[in-house]
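Before any comments, here is the structure.
The values are calculated or read from the model by the stated rules, or taken from the named source; none is laboratory data. Worth saying up front: this structure is predicted, and the values here are computed from it rather than measured. Glycine gets a Cβ as well: all are built from the backbone with ideal geometry, and neighbour counts include every protein chain shown. Remember, those area values only see protein heavy atoms, side chains included, never the ligands or the DNA or RNA. Shrake-Rupley method; radii C 1.70, N 1.55, O 1.52, S 1.80 Å.
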Amino acid sequence: MTEKKLWGGRFEAGLEKWVEEFGASITFDQKMAEFDIKGSLAHVSMLGQTGIIPQEDADTIKAGLEELLQEYKAGQLVFDVSNEDIHMNIETLLTEKIGPVAGKLHTARSRNDQVATDMHLYLKAKLAEVVEKLSHLRQTLLSLAEKHIYTIMPGYTHLQHAQPISFGHHLMAYYNMFTRDSERFAFNQQHTDLSPLGAAALAGTTFPIDRQMTAELMGFAKPYSNSLDAVSDRDFILEFLANASILMMHMSRICEELINWCSNEYQFVTLSDTFSTGSSIMPQKKNPDMAELIRGKSGRVFGNLFGLLTVMKSLPLAYNKDLQEDKEGMFDTAETITVAIDILAGMLESMTVNDAHMAESTEKDFSNATELADYLAVKGLPFRQAHEIVGKLVLECTKNGHYLQDVPFERYQEISDLIEEDIYTALQSKTAVERRNSLGGTGFDQVKKQIEEAKKVF
Ligand code: ARG
């Protein structure tokens, strides 16, 4: 049994230590300490200004909270599990500092609106950080794409060489994904930019509070319009977890490509030493651990989304203690994605692109087969017939152990009198890329256009 709780009035017996530990959240919700104090500062300013408590008391409480904030920043606050969560820990520390007047702080407030407020403040700050980090990642991709407009690589479908493309074009595809991610987080900011404070336990309060004032003091766009929704809404966190999951899925896709590209089979890129690790047994190894970890960590982020969705499913209004389970997944996701974004940007910035090797690998394949079919189709042969002819020729080449560009001109003329000497130029990867000039295609001019458009937003 432990000492008396802040809510202990109606209890005769206390909690046993192990039960108390099960119910406590202080081990993890102390991450919100700063936001809890800031929320309390706004609340007490409002209590003073509206005359709900004497201004003098409000000033004493404010001074105490300011001191606690400094002490927290200096790493001097010690939290106690017997005070359950960050809210009651701060209130207890405040009481120790300024005495019973601290008890006036909780007038017209409940931990239910308080915890929701802390979560909004925390996530609002994190979202701004995520959007900024994404902007840096997008800029990294953009400048890399610009550098590699003319770098030719095999484009794949089914992981088989399909058609040659510009490496810049490939990178811009990821740029677009991360731009959509960024837009999703920006929309998420709107749903996070709301103040639950003043909803109290669930029904509002009889005190003449000013919710507009506290919302403004905390920098929120506006207060929630419904007190029940304010204390039980966790959509803003679910949105964050869903957006983070999509982002991680995108990051794991590009990481998977980097892992492939730096393998002996591809050798398209060389990752810098700073983002690679060695093996404890195989001296030659240089492993893309960081890319693998981003790919792997997508699992925990998806898990956090499903964890909270499951917590929220069927939860009746308004506050239920289940909601305490909303925090760890959110913290974990925020911490995971902010580092992962930086690691990915760092890997991309510091890697070496083996452009000659990339281009060469489009010379030893049949990724120009569409060029030959298109060549015949342009000259009037129905595309289906052209497809059939080229398919047969590819088969013949594979049997002879060479490629379309190695087929002698006499053989081409036997195949079709539509084929002229310029076929060899048409079959070059560079020509193939250059000529795919349809809107959004891989043609160099189109890639340049994409990059120019993208640059306008920075
Ligand atoms: N630690 C709690 C949480 O994270 C704070 C709210 C507690 N409210 C209550 N009525 N028990 O959800």
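Give the residue that is nearest to the chain's Cα centre (by Cα), with candidates limited to residues of region 340-373 that are in a helix (DSSP H, G or I) and of a type in the set (Gly, Ala, Ser). I'd like the intermediate steps shown before the answer.
Applying the first criterion (in a helix (DSSP H, G or I)) to region 340-373 yields 340-350, 355-360, 369-373.
Add one more test, that the residue is of a type in the set (Gly, Ala, Ser), and what stays is 340, 345-346, 350, 356, 359, 369, 373.
Values: 340: 8, 345: 13, 346: 16, 350: 21, 356: 33, 359: 32, 369: 39, 373: 42 Å.
By that ranking, first place goes to 340.
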For region 187-212, which residues satisfy the criterion of being open to solvent by 40 Å² or more (accessible area, probe 1.4 Å) and part of a helix (DSSP H, G or I)?
187, 189, 190, 191, 211, 212
Within region 92-106, the residues that are open to solvent by less than 30 Å² (accessible area, probe 1.4 Å) and closer than 19 Å to residue 201 by Cα are 105
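Name the residue, out of 245, 298, 225, that is under 26 Å from residue 193 (Cα atoms) and within 26 Å of the chain's Cα centre (by Cα).
Working: 298 fails: under 26 Å from residue 193 (Cα atoms); 225 fails: within 26 Å of the chain's Cα centre (by Cα).
None of the others qualify; the one that does is 245.
Among 67, 132, 71, which is touching a residue at least 12 places away in the same chain (Cβ under 8 Å), among the acidic types (Asp, Glu) and part of a helix (DSSP H, G or I)?
Numbers: 132 fails: touching a residue at least 12 places away in the same chain (Cβ under 8 Å); 71 fails: touching a residue at least 12 places away in the same chain (Cβ under 8 Å).
None of the other options fit; the residue is 67.
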Exactly one of these conditions fails for residue 220: (1) aromatic (Phe, Trp, Tyr); (2) in contact with a strand residue (DSSP E or B) (Cβ under 8 Å, 6 or more places away or on another chain); (3) in a helix (DSSP H, G or I). Give me its number.
(3)
Mind checking which pairs have a first residue in region 314-325 that is free of Cβ contacts under 8 Å to residues at least 12 places away in the same chain and a second that is assigned to a loop (DSSP other than H, G, I, E, B) and more than 8 Å from the ligand (Cβ to nearest atom), Cβ under 8 Å, 6 or more apart or different chains?
322/315
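If I ask for residues that are assigned to a helix (DSSP H, G or I) and open to solvent by less than 70 Å² (accessible area, probe 1.4 Å), which ones from region 272-291 would you list? Quick ask: steps written out before the conclusion?
Kept after step one, since they are assigned to a helix (DSSP H, G or I), are these residues of region 272-291: 273-275, 289-291.
Listed by number, the residues that qualify are 275, 289, 290, 291.
Which residue out of 323, 247, 308 is in a helix (DSSP H, G or I) and more than 16 Å from the ligand (Cβ to nearest atom)?
After ruling out the rest, the residue left standing is 247.
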Of (1) modelled with pLDDT of 95 or more; (2) part of a loop (DSSP other than H, G, I, E, B); (3) within 30 Å of residue 136 (Cα to Cα); (4) not β-branched (Val, Ile, Thr), residue 452 satisfies all except one. Which?
(2)
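Can you say whether residue 61 is open to solvent by less than 10 Å² (accessible area, probe 1.4 Å) and under 23 Å from residue 15 (Cβ atoms), as far as the supplied structure shows?
Numbers: open to solvent by less than 10 Å² (accessible area, probe 1.4 Å): yes; under 23 Å from residue 15 (Cβ atoms): no.
No.
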Region 15-46, residues that are away from the ligand (no atom under 16 Å from the Cβ) and more than 38 Å from the chain's Cα centre (by Cα)
16, 17
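Kindly indicate which of 173, 145 is in contact with a helix residue (DSSP H, G or I) (Cβ under 6 Å, 6 or more places away or on another chain) and either assigned to a helix (DSSP H, G or I) or surrounded by 21 or more Cβ atoms within 10 Å (Cβ to Cβ) (or both).
Working: 173 fails: in contact with a helix residue (DSSP H, G or I) (Cβ under 6 Å, 6 or more places away or on another chain).
Unique residue meeting the criteria: 145.
State whether the residues of region 96-109 include one that is among the acidic types (Asp, Glu), assigned to a helix (DSSP H, G or I) and touching a residue at least 12 places away in the same chain (Cβ under 8 Å). Steps first, please.
To start, the set of residues in region 96-109 that are among the acidic types (Asp, Glu) comprises 96.
Now restrict to residues that are assigned to a helix (DSSP H, G or I): 96.
Okay, now just the ones that are also touching a residue at least 12 places away in the same chain (Cβ under 8 Å), so none.
For region 96-109, residues among the acidic types (Asp, Glu), assigned to a helix (DSSP H, G or I) and touching a residue at least 12 places away in the same chain (Cβ under 8 Å): absent.
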Give the residues of region 333-381 that are out of contact with any helix residue (DSSP H, G or I) (no Cβ under 6 Å at 6 or more places or on another chain), of a type in the set (D, E, K, R) and open to solvent by less than 40 Å² (accessible area, probe 1.4 Å), sorted by residue number.
365
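Quick check on residue 80: is it touching a residue at least 24 places away in the same chain (Cβ under 8 Å), open to solvent by less than 60 Å² (accessible area, probe 1.4 Å) and either of a type in the set (Asp, Glu) or within 14 Å of the ligand (Cβ to nearest atom) (or both)?
Details: touching a residue at least 24 places away in the same chain (Cβ under 8 Å): yes; open to solvent by less than 60 Å² (accessible area, probe 1.4 Å): no; either of a type in the set (Asp, Glu) or within 14 Å of the ligand (Cβ to nearest atom) (or both): yes.
Here the answer is no, as residue 80 does not meet what is asked.
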Going residue by residue through region 125-138, is there one that turns out to be open to solvent by 30 Å² or more (accessible area, probe 1.4 Å), under 24 Å from residue 198 (Cβ atoms), more than 16 Å from the ligand (Cβ to nearest atom) and among the hydroxyl-bearing types (Ser, Thr, Tyr)?
no
If residue 290 meets every condition in (1) touching a helix residue (DSSP H, G or I) at 6+ places or on another chain (Cβ under 8 Å); (2) more than 30 Å from residue 334 (Cα to Cα) apart from one, which number is that one?
(2)
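With respect to residue 157, is the statement that it is surrounded by fewer than 17 Cβ atoms within 10 Å (Cβ to Cβ) and under 22 Å from residue 364 (Cβ atoms) true?
Numbers: surrounded by fewer than 17 Cβ atoms within 10 Å (Cβ to Cβ): yes; under 22 Å from residue 364 (Cβ atoms): yes.
Judged against the criteria, residue 157 is a match.
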